[in-house]
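Quick notes on the structure that follows.
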Amino acid sequence: MRLMLKFNLIFLLVFVAGVIGAGKVSYDLLQSNAKQEVLDHARLTMEKASAVRAYTNDQIRPLLETQLKYTFLPQTIPAYSATEVLATLAKTFPDYTYKEATLNPTNPRDRAVDWEADIVHRFRNQAGQKEFIGERDAGTGRSLYIARPLRITNPACLVCHSTVEAAPRTLIDKYGQANGFGWQLNEVVGAQVVSVPMSVPLARADRAFRVFMGWLVGIFVAIGIVLNVMLYLLVIRPVTKLSKLANRVSLGEPDVPEFPTGKRDEIGTLAQSFARMRQSLDQAMKMLEA
């Protein structure tokens with residue numbers, strides 16, 4: 001097997017192993033970064049909702065206490081305000097959703113669907129869990145969701161949600177007596193659920209992966225070409241020339257040209273050794289002839 005072929009086979013093995021290894025590491029890293037980006041967006045959306053809830057409860061509701069005696073204003077309810085604000089955001093970013101999924105809500109739009117109810121029950125069964133992260137297939141593609149429990153920690157909430165008799169008449173007039181009652185203090189009644197699409201960040205990660213792998217393959221090919229040229233010019237060609245000259249000398253040809261010995265590298269040292277060997281051979285032949 002020729003030296004050039006051996007070299008290229010070894011280089012090909014290193015090339016394949018390097019591309020596979022680098023591809024695996026870069027793909028996992030890019031996918032992980034894309035998912036972390038989605039998670040950061042989900043947490044930011046969740047914090048927006050929590051900020052709206054706190055603002056409504058601390059600043060809006062006290063201003064409307066008097067009016068609440070005559071008519072029920074859902075705008076004073078933190079859950080309603082957060083849902084409305086995030087619904088407005090969803091008009092611009094339709095794949096971003098926020099819901100205060102509740103098992104027994106006052107407002108029917110907040111009723112938890114099957115997968116949301118499973119999350120609520122998980123929070124109920126695992127009292128210490130503060131957050132749950134998962135993925136699901138939405139109508140527009142894969143989505144990442146983040147959920148946090150809605151726990152009744154403020155006794156004031158039970159004024160509207162304990163019993164029908166204790167609830168404000170204005171609330172009953174607006175939503176009726178069928179839903180939103182029977183809540184208890186420290187009970188998990190629902191979950192804040194934010195869903196964020198994964199398609200865009202993952203597609204961006206895939207494009208980055210393809211570009212990276214394209215450049216990596218191109219660099220390896222360029223390195224292979226350069227190494228082949230260098231191997232041929234610096235090793236293969238001079239060694240082949242020396243081999244042909246040595247072969248002619250071994251056959252006893254009298255007009256074999258001198259070996260070029262000007263180089264100071266290993267090839268030059270080899271050429272000098274051949275030149276000395278030829279001189280020694282010539283002297284030996286002359287001694288035999290004499």
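The values are calculated or read from the model by the stated rules, or taken from the named source; none is laboratory data. As the structure is a prediction and not an experimental result, all values here were calculated from the model. Because the Cβ atoms are built from the backbone with ideal geometry, glycine has one as well, and the counts that use them run over all protein chains shown.
The residue that is farthest from Val193 (Cα to Cα), counting only those in segment 133-153 that are small (Gly, Ala, Ser) and part of a strand (DSSP E or B), is Gly141.
Hey, does segment 232-252 have a residue that's loosely packed, with under 15 Cβ neighbours inside 10 Å, out of contact with any strand residue (DSSP E or B) (no Cβ under 8 Å at 6 or more places or on another chain) and either modelled with pLDDT of 90 or more or part of a loop (DSSP other than H, G, I, E, B) (or both)? The answer is yes, given that some residue of segment 232-252 is loosely packed, with under 15 Cβ neighbours inside 10 Å, out of contact with any strand residue (DSSP E or B) (no Cβ under 8 Å at 6 or more places or on another chain) and either modelled with pLDDT of 90 or more or part of a loop (DSSP other than H, G, I, E, B) (or both). Screening segment 90-113 for residues that are of a type in the set (S, T, N, Q) and under 26 Å from the mean Cα position of the chain (by Cα) and picking the one that is surrounded by the most Cβ atoms within 10 Å (Cβ to Cβ) gives Thr97. Just wondering, is there one or more residues in segment 152-169 that are at pLDDT 85 or above and basic (Lys, Arg)? No: zero hits. Exactly one residue among Val189, Val164 is in a strand (DSSP E or B), among the hydrophobic types (A, V, I, L, M, F, W, C) and farther than 30 Å from Pro201 by Cβ, and that residue is Val189. Tallying residues that are buried (at least 16 other Cβ atoms within 10 Å of the Cβ) and over 10 Å from Val194 (Cα atoms) within segment 40-61 yields 7. Evaluating Glu37 against the criteria (1) assigned to a helix (DSSP H, G or I); (2) farther than 24 Å from Val194 by Cα; (3) touching a residue at least 40 places away in the same chain (Cβ under 8 Å) leaves one unmet condition, (2). For segment 95-102, the criterion of a residue being among the aromatic types (Phe, Trp, Tyr), touching a helix residue (DSSP H, G or I) at 6+ places or on another chain (Cβ under 8 Å) and modelled with pLDDT of 90 or more is satisfied by at least one position. Of the residues examined, Gln283 is not one that is surrounded by 13 or more Cβ atoms within 10 Å (Cβ to Cβ), at pLDDT 70 or above and more than 22 Å from Met4 (Cα to Cα). Looking only at segment 65-89, residues that are outside any helix (DSSP H, G or I) and surrounded by 13 or more Cβ atoms within 10 Å (Cβ to Cβ) come to 3 in all. Looking only at segment 1-17, which residues are exposed (fewer than 15 other Cβ atoms within 10 Å of the Cβ) and in a helix (DSSP H, G or I)? Those that are exposed (fewer than 15 other Cβ atoms within 10 Å of the Cβ) and in a helix (DSSP H, G or I): Leu3, Met4, Leu5, Lys6, Leu9, Ile10, Leu12, Leu13, Val14, Val16, Ala17. Would you confirm whether any residue within segment 192-206 is β-branched (Val, Ile, Thr), part of a helix (DSSP H, G or I), out of contact with any Lys or Arg (no Cβ under 8 Å at 6 or more places or on another chain) and surrounded by 11 or more Cβ atoms within 10 Å (Cβ to Cβ)? Scanning segment 192-206, I find at least one residue that is β-branched (Val, Ile, Thr), part of a helix (DSSP H, G or I), out of contact with any Lys or Arg (no Cβ under 8 Å at 6 or more places or on another chain) and surrounded by 11 or more Cβ atoms within 10 Å (Cβ to Cβ), so the answer is yes. The requirement of being at pLDDT 90 or above, within 34 Å of the chain's Cα centre (by Cα) and assigned to a helix (DSSP H, G or I) is satisfied by Ala49.
One residue stands out among those in segment 91-118 that are assigned to a helix (DSSP H, G or I) and in contact with a strand residue (DSSP E or B) (Cβ under 6 Å, 6 or more places away or on another chain): the one that is farthest from Cys160 (Cα to Cα), which is Glu116. For segment 114-158, the set of residues classified as more than 12 Å from Glu187 (Cα to Cα), surrounded by 14 or more Cβ atoms within 10 Å (Cβ to Cβ) and touching a residue at least 60 places away in the same chain (Cβ under 8 Å) consists of Glu116, Ile119, Leu144, Tyr145, Ile146, Arg148, listed by residue number. Residues that are without any contact (Cβ under 8 Å) to a residue 40 or more places away in the chain, more than 30 Å from Val189 (Cβ to Cβ) and basic (Lys, Arg) are absent from segment 46-55.
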